[in-house]
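Contents: one structure, followed by commentary.
The values are calculated or read from the model by the stated rules, or taken from the named source; none is laboratory data. From a predicted model like this one, the values you see are computed outputs, not experimental measurements. Cβ coordinates were reconstructed from backbone atoms using ideal geometry, including for glycine residues, and neighbour counts include every protein chain displayed. Just so you know, the surface numbers come from the protein's heavy atoms only, side chains and all, with ligands and any DNA or RNA stripped out. Shrake-Rupley method; radii C 1.70, N 1.55, O 1.52, S 1.80 Å.
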Amino acid sequence: TVGAFCVVYGTKNIFSNCLVSNCTIDSALVGYFSTLGNGNAQFNTFQDCKVYDNRSTISIAGFLTNDANNTFVDCSVYGNTAANSMDSFSIQSNRNTLLNCSSLNNSVTGGLGLMEGLRLVGSYNEFNNCEFSNNSGTTDANSYGIRVISGSNNFFMRNVAYANGLTSPLIENQLSGVEVGSITTPGGGRNGKPSSRLNSSKAPWTNLRVTG
């Protein structure tokens with residue numbers, strides 16, 4: 001695995017305006033890596049950092065943390081291609097925060113074929129005002145906007161997941177595992193496109209999922 005920015009030991013650091021771009025490697029690529037999950041890489045902030053236009057013959061993780069209490073603000077992952085699998089944001093711990101972050105136009109071309117805009121294994125994390133759109137795995141079933149694997153008491157507010165899929169995006173994969181009561185799914189609309197009915201949403205603080 002190749003890690004561009006790795007925080008193994010260190011707390012209360014601020015990484016601002018960083019860029020991982022135009023990498024083509026025959027290995028797994030991690031843009032920003034906060035590990036080992038032993039409590040030695042907490043309370044770090046990643047602000048306005050980007051991972052875009054990278055190519056891997058195996059897998060890509062844009063931002064990955066195995067430790068708690070880290071914050072990601074205005075960070076984005078877009079235009080990347082992996083041959084086996086990709087997680088734009090992989091949160092594998094508790095009490096982390098994503099604010100104004102995005103995963104856009106990323107793709108997986110083969111192998112496992114799994115594409116996840118956000119992969120979550122953990123509790124008491126916050127995700128606010130983020131977008132996960134137009135990401136595709138090798139099939140619609142392997143394409144996710146947000147995918148909650150496990151955990152509890154996670155807070156999702158004003159997030160958007162749109163058209164994550166290959167040909168016919170699955171509505172259930174846009175915000176998979178997010179509490180149903182916090183999701184708005186616009187329906188109907190001109191030419192059958194739900195996105196033309198966004199103004200019908202009466203609860204703008206909820207999370208929005210749209211397939212087309």
- Note on the structure: Counted residues in the range 122-145 being touching a residue at least 40 places away in the same chain (Cβ under 8 Å) and among the hydrophobic types (A, V, I, L, M, F, W, C) come to 1
- Matching residues in the range 151-180 - criterion: being farther than 17 Å from Asn94 by Cβ, outside any loop (DSSP other than H, G, I, E, B) and either in contact (Cβ under 8 Å) with a residue 24 or more places away in the chain or open to solvent by less than 30 Å² (accessible area, probe 1.4 Å) (or both): Met157, Val160, Ala161, Tyr162, Ile171, Asn173, Gln174, Leu175, Ser176
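For every residue, the table says whether it meets (1) within 23 Å of Gly122 (Cα to Cα); (2) touching a Leu at 6+ places or on another chain (Cβ under 8 Å); (3) free of Cβ contacts under 8 Å to residues at least 60 places away in the same chain.
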position: Asn22; (1), (2), (3): no, no, yes
position: Val30; (1), (2), (3): yes, yes, yes
position: Phe46; (1), (2), (3): yes, no, yes
position: Ile60; (1), (2), (3): yes, yes, yes
position: Ser76; (1), (2), (3): yes, yes, yes
position: Asn80; (1), (2), (3): no, no, yes
position: Asn84; (1), (2), (3): no, yes, yes
- Message: Pairs needed: first member in the range 98-118, closer than 11 Å to Ile58 by Cα; second member anywhere, open to solvent by less than 10 Å² (accessible area, probe 1.4 Å); C-beta distance under 8 Å; at least 6 residues apart or different chains.
- Response: Val108/Ala82; Val108/Met86; Val108/Met115; Val108/Gly137; Thr109/Ala82; Gly113/Gly137
- Query: Do you know which of the residues in the range 41-74 that are among the hydrophobic types (A, V, I, L, M, F, W, C) and open to solvent by 50 Å² or more (accessible area, probe 1.4 Å) is nearest to Gly117 (Cα to Cα)?
  - Reply: Ile58
- What are the residues in the range 1-24 that are part of a strand (DSSP E or B) and more than 17 Å from Tyr78 (Cβ to Cβ), if any? Val2, Gly3, Phe5, Cys6, Val7, Ile14, Phe15, Ser16
- Query: For the range 110-144, which residues satisfy the criterion of being small (Gly, Ala, Ser) and either open to solvent by 10 Å² or more (accessible area, probe 1.4 Å) or under 27 Å from Gln42 (Cβ atoms) (or both)?
  - Reply: Gly110, Gly111, Gly117, Gly122, Ser123, Ser136, Ala141
